[in-house]
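The structure appears below as structure tokens.
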Amino acid sequence: MSTAPSATDRDRAARRALGAALFGGALGAALVLVSAGQTWGEAVATGPGGALPVEVGGGDVTGVPSALALVGLAALVAVFAVRGAARLLVALTLTLCGAGAVVAALAGAVDTGALSDAAATATGLSGGSLRDVSHSAWPYVAAAGGALLVLVGLLALRHGRRWPAMGSRYERGSGARRPRPGPGADADRPEDLWKALDRGEDPTDGPGDGATDDPGDDPGDGAGDRPAADGTAGDDRPKGP
């Protein structure tokens with residue numbers, strides 16, 4: 001009797017899929033981009049001046065696989081920046097980018113248009129002929145990289161809901177707020193002094209500061225030098241008989 005997979009099993013599968021997606025996406029994009037810089041086709045151009053060998057690279061044949069690989073790589077990163085329906089949309093974009101790279105690379109594997117243009121440039125004649133046309137395996141390497149991007153997109157569609165998102169630890173309500181320190185809390189630390197200044201508080205005041213003092217205790221207020229109300233205190237003049 002078969003039982004449905006538990007939540008723990010699904011989480012474990014999602015973590016494995018996450019690791020495979022990161023590795024496969026980076027590898028697939030790298031294969032496409034590296035292949036675009038390699039030689040895809042070679043031929044011999046014949047003209048009035050003789051036979052000239054010509055060759056074309058992947059970027060000369062088509063720039064679509066490289067562009068789609070870059071978009072797919074950006075979509076792979078964006079998968080972890082969004083969640084919900086937006087994550088599914090980005091995963092679908094990644095899948096379509098991989099599929100487009102596969103189609104463009106396979107089409108470039110048999111294309112001779114770039115070779116004809118190279119032959120016309122080499123011979124100076126637009127009607128020059130080609131012979132000994134050959135294609136390398138690099139277009140198929142690019143197609144394999146695109147296929148990896150397709151698989152990564154399918155993994156994101158299948159397990160993306162359980163993958164973590166960037167910045168989730170900083171979301172509001174994710175943790176308890178730290179209590180705000182009082183004016184005199186940890187006043188000996190320099191960072192707490194600056195925080196108190198930012199709040200408009202005097203970091204040198206203790207919890208008991210600010211109580212009213214007796215004005216008569218201040219030696220500089222001149223209270224002892226003021227004459228009494230009856231005029232007798234502080235009068236040093238001799239009195240008459």
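Quick notes
- Ala114 vs. criteria assigned to a helix (DSSP H, G or I), surrounded by 20 or more Cβ atoms within 10 Å (Cβ to Cβ) and in contact with a Phe, Trp or Tyr (Cβ under 9 Å, 6 or more places away or on another chain): yes
- None of Val103, Val44, Val79 is crowded, with 19+ Cβ neighbours inside 10 Å and not charged (D, E, K, R) except Val79.
- Among the residues listed as Ala122, Ala114, the single one being touching a helix residue (DSSP H, G or I) at 6+ places or on another chain (Cβ under 8 Å), of a type outside the set (Ser, Thr, Tyr) and at pLDDT 75 or above: Ala114
- Among (1) farther than 15 Å from Ala29 by Cβ; (2) surrounded by 21 or more Cβ atoms within 10 Å (Cβ to Cβ) - the single one Gly84 does not satisfy: (2)
- Criterion: hydrophobic (A, V, I, L, M, F, W, C) and over 23 Å from Val32 (Cα atoms) - qualifying residue of Leu92, Leu157, Leu52, Leu68: Leu52
- Which numbered condition Val56 misses (of (1) in a helix (DSSP H, G or I); (2) touching a Phe, Trp or Tyr at 6+ places or on another chain (Cβ under 7 Å)): (1)
- Residue within region 129-141 that is free of Cβ contacts under 8 Å to residues at least 60 places away in the same chain, at negative phi, surrounded by fewer than 23 Cβ atoms within 10 Å (Cβ to Cβ) and part of a helix (DSSP H, G or I) present: yes
The values are calculated or read from the model by the stated rules, or taken from the named source; none is laboratory data. None of the values given here were measured: they were computed from a predicted structure. Quick reminder, even Gly has a Cβ in these numbers, built from the backbone with ideal geometry, and neighbours come from all protein chains shown.
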